[in-house]
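**Q** Attaching a single structure in structure tokens format; questions to follow.
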Amino acid sequence: MDRMTTPEFLAKVPIFENLTPEQLKPLGEKMRTRKYQRGEVVFHQDDPGDRMHIIVQGRVRISIDSYDGREKDVALLNPGDCFGEMALLDGSNRSANATAVDDIETLVLLRDDFIKFIGEYPQVAAQTTAILTNRLRNTNQMMGDLAFLDVPTRVAKQLIGLAENQLGGAAPDGPVEISIGQDELARLVGSTRETVSRALTSYRRMGLLTTSHRRISITDLDGLESMASD
């Protein structure tokens, strides 16, 4: 990213949204750009946590490992989202894995620089805590869904959430295109690819969506919402 545009970009990142580009300029000067290829691990669960990443382009999946070696996705992050910030607040090791879904570019902020910055602007710490709290609520909701909802309902609910995130509050003016493969979707809903594929086939036959390689197009958002609330 062009260093001249970094403060303007940071001002649109949720944890910094209450600050101006001018206030963010000194912080932007301390950041470094990192690039990762699709499928590359940014960090592993239990790695030391000394830096935060802010996604400039591409997507990142956050996952946790179980004791029996399985992996469960807990979030799919987009440009403007940050990850790794929890370790900056408490200095602990990584609580999850972060993997590039696409070729990605991130801005990296070291813990010492972050701690110094929030000493000057404590509202950033408050905003960071609010974002982490919201993620905890989402994780609790996900655990509840795993316990009480069947796979087709979880698939519909996950797709609605991805669509709402992509729309950003705007009303759709046509099909909503979501770039996600069936393997990724299966990890997000906590099921197998085969079971998720059957759910998508059912929704496709109902005319709610279409699928292609690593892409799902929601053609009837209201209809899919009704499936998500069943």
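The values are calculated or read from the model by the stated rules, or taken from the named source; none is laboratory data. Note that the coordinates shown come from a computational prediction; the quantities given were computed from them, not determined experimentally. Please note: Cβ atoms are built from the backbone with ideal geometry, for glycine as well, and neighbour counts cover all protein chains shown. The accessibility values were calculated without ligands, DNA or RNA, using every heavy atom of the protein model including side chains. Shrake-Rupley method; radii C 1.70, N 1.55, O 1.52, S 1.80 Å.
**Q** Can you list the GluC sites (Glu not before Pro) in region 36-104 that are in a DSSP coil and have 13 or fewer other beta carbons within 10 angstrom? Before the final figure, lay out each step's value.
**A** Values: sites: Glu40, Glu71, Glu85; in loops: Glu40.
Filter output for region 36-104: Glu40.
**Q** Same structure again: Checking the cross-link filter: which aspartates and glutamates have an alpha carbon closer than 18 Å to that of Lys25, excluding same-chain neighbours under 8 positions apart?
**A** Leaving aside aspartates and glutamates fewer than 8 places away in the same chain, those within reach of Lys25 are Asp2, Glu8, Glu17, Asp112, Asp113, Glu120.
**Q** Evaluate the Kirkwood expression for the hydrodynamic radius of region 62-193, namely the inverse of the mean inverse distance over all pairs of different C-alpha atoms, and round to one decimal in Å. Walk me through the numbers before you get to the answer.
**A** On the way: mean 1/r = 0.0595 Å⁻¹.
It works out to 16.8 Å.
**Q** Still on this structure, please answer the following. What range in the chain is the longest one free of trypsin sites (Lys or Arg not before Pro) that are in a loop by DSSP and have at most 13 other Cβ atoms within 10 angstrom? Let's see the in-between values first.
**A** Working: sites that count: Arg3, Lys12, Arg38, Arg70.
Counting at most 13 other Cβ atoms within 10 Å as exposed, the longest clean stretch of the chain is 71-230.
**Q** Treat each spin label as a single point 7 Å out from the Cα along the C-beta direction, and report the Asp173 to Tyr121 distance in nm.
**A** 3.3
**Q** With N denoting the number of residues in the chain, provide Rg(C-alpha) divided by 2.2 N^0.38 Å, to two decimal places. All intermediate terms of the calculation are to be shown ahead of the outcome.
**A** Numbers: Rg = 18.5 Å, N = 230, 2.2 N^0.38 = 17.4 Å.
Dividing the Cα Rg of the chain by 2.2 N^0.38 Å gives 1.07.
**Q** Turning to a different aspect of this structure: When the helices in the chain are scored as -39500 (n - 2.57) per DSSP H run of 4 or longer and the sum is shared across all residues, what 222 nm value do you end up with, to the nearest 500 deg cm²/dmol? The partial results should precede the final answer.
**A** Values: 9 runs with 104 residues, N = 230.
Theoretical 222 nm ellipticity from helices: -14000 deg cm²/dmol.
**Q** Tell me, what is the per residue accessible area of the chain in Å², probe radius 1.4 Å? Before the final figure, lay out the partial values.
**A** Values: 12160 Å² over 230 residues.
So the chain comes to 53 Å² accessible per residue, rounded to a whole number.
**Q** Let me check the size of region 24-91 from its C-alpha atoms; what are the radius of gyration and Dmax in Å?
**A** Rg and Dmax of region 24-91, Cα atoms, are 13.3, 45 Å.
**Q** Evaluate the relative contact order of region 52-204 (contact order divided by residue number), counting alpha-carbon pairs under 8 angstrom at least 6 apart; express in whole percent.
**A** Details: 168 pairs, mean separation 35.8, N = 153.
Once normalised by length, the contact order is 23 percent.
**Q** Calculate the spin-label point distance for Asp103 paired with Arg215, positioning each point 7 Å from the Cα along the beta-carbon direction, and give it in nanometres.
**A** 1.8
**Q** Under 28 Å Cα to Cα from Lys72, which lysines show up? Leave out anything in the same chain fewer than 8 places away.
**A** Lys35, Lys157
**Q** If you roll a 1.4 Å probe over the chain with all protein chains in place, what percent of the accessible area is carbon or sulfur? Display every interim value, and only then the final one.
**A** Working: 6010 of 12160 Å².
The nonpolar share, carbon plus sulfur, comes to 49 percent.
**Q** Rounded to two decimals, what ratio of Rg to Rh does region 169-219 give with C-alpha atoms and a Kirkwood Rh?
**A** Details: Rg = 11.4 Å, Rh = 11.4 Å.
Ratio of gyration radius to Kirkwood radius: 0.99.
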